[in-house]
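Have a look at the structure below, then the notes.
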Amino acid sequence: MLKRFLGFALGCLAVAAPEAAQPARPGLEMWRLDCGEIRVTDLNLFSDTYAYVGRQMTLTDSCYLIRNGDRYLLWDTGLAGELAGTNGGGEGAFRMSLRERIRDQLARIGVQPALVTFVGISHYHDDHIGQAADFPGATLLVGAADWEAIRGRPQTAARFGPWTEGQSRAQPLRGDHDVFGDGSVVILNMPGHTPGHRALLVRLPRTGSVLLTGDLYHFTENMRRGGLPIFNTDRADTLASMARFQEIARNLRARIVIQHELDDIRLLPAFPQSAQ
């Protein structure tokens, strides 16, 4: 009898062992998403001091999904979804292309649009808002001054139909905003590029603090020189935001990720792997 009992107990342990060996999923993780590519044929548009005359550059367009428990924040929504699978489009000095919509990327990690709790927008420019309407069930987090500008621009407002038409909740932000209420993800007030421009601080348990720039900077040289695009709405506000951003980075020893800089986004794992 004792032998049979011991045999049964050992068998149960053998069955349970593989499940017990599974690593625990972290409470907070972040994925970087491919939200397009932008070929800039006149880079001098990114300097109001004529620093890049005659130069061209290809910028990436990155977005981010952050999971906190069972809640998700989608940070920026990239180029327009209708560009996916086409030869791209463009206007003036910008040539844009998109390989795959955000919702199709998220499907590969089992995240359907209805699971996205918040859509956070760094600012209202087209390459950051293009697929927002694919997530109509989410609360929209956007700088209050940008929200006012969006509602006054019919073409831009059309990208936010679920919120401008009152079907979904928009939350205009006037200062910094703690997204999940635990300090892990904070939308930072960084005006200047647009009146309500925001950046994002993500404090990951293993990677540490990561600062996503929005469009405070567009590429590494631009950050090192403190360059300002000619289309920024306020020069003084931009410089003040840059000074604050760099002070936060120093104090938290944060990893800075310029969202349009390919070398920077490579600091984070390639999708579908997540930073933890």
Q) Given 0.36 nm per residue, what is the gain on full extension from ALA270 to PHE231 after removing their alpha carbon distance, in nm? A) 10.9 nm
Q.
Restricting to DSSP H runs of at least four residues, report the calculated mean residue ellipticity at 222 nm for the chain, -39500 (n - 2.57) per run over all residues, nearest 500 deg cm²/dmol.
A. -7000 deg cm²/dmol
Q: Roll a 1.4 angstrom probe over the protein heavy atoms and tell me the percent of accessible area of the chain that is carbon or sulfur.
A: 51
(Q) With the crude spin-label approximation of a point 7 Å out along Cα→Cβ, what separation in nm comes out for ARG174 versus ASP104? (A) 4.3
Q) Based only on Cα atoms, what Rg/Rh ratio does region 149-276 have, Rh being taken as Kirkwood's radius? A) 0.98
Q | GLU29, GLU221, GLU91, ranked by accessible area, largest first (probe 1.4 Å) | A | GLU91, GLU221, GLU29
Q.
If I ignore ligands, DNA and RNA and count only protein heavy atoms, how much of THR86 is accessible to a 1.4 Å probe, in Å² to the nearest 10?
A. 70
Q: Kindly report, to the nearest 10 Å², the accessible surface of CYS63 as traced by a 1.4 Å probe over protein heavy atoms only.
A: 0
Q. How far is it, in nm, from the label point at ALA51 to the one at GLN155 when both lie 7 Å from their Cα along the line to the Cβ?
A. 2.8
Q: May I ask you to list the trypsin sites (Lys or Arg not before Pro) in region 141-191 that are in a DSSP loop and have at most 16 other Cβ atoms within 10 Å of their Cβ?
A: ARG169, ARG174
**Q.** Rounded to whole Hz, the Karplus (6.51, -1.76, 1.60) HN-Hα couplings of region 41-46, x for glycine and proline
**A.** 8, 9, 5, 5, 4, 9
Q: Could you do me a favour and compute the accessible area per residue for region 99-205, 1.4 Å probe, result in Å²?
A: 40
**Q.** Area accessible to solvent at ARG39, 1.4 Å probe radius, in Å²
**A.** 90
Q. Kirkwood Rh, Cα Rg: Rg to Rh for the chain?
A. 1.08
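The values are calculated or read from the model by the stated rules, or taken from the named source; none is laboratory data. A quick note: this is a predicted structure, and the numbers were derived from the prediction, not measured. Cβ: placed from backbone, ideal geometry, glycine included. Neighbour counts: every protein chain shown. Note: areas computed on protein heavy atoms with side chains; ligands, DNA, RNA excluded. Shrake-Rupley method; radii C 1.70, N 1.55, O 1.52, S 1.80 Å.
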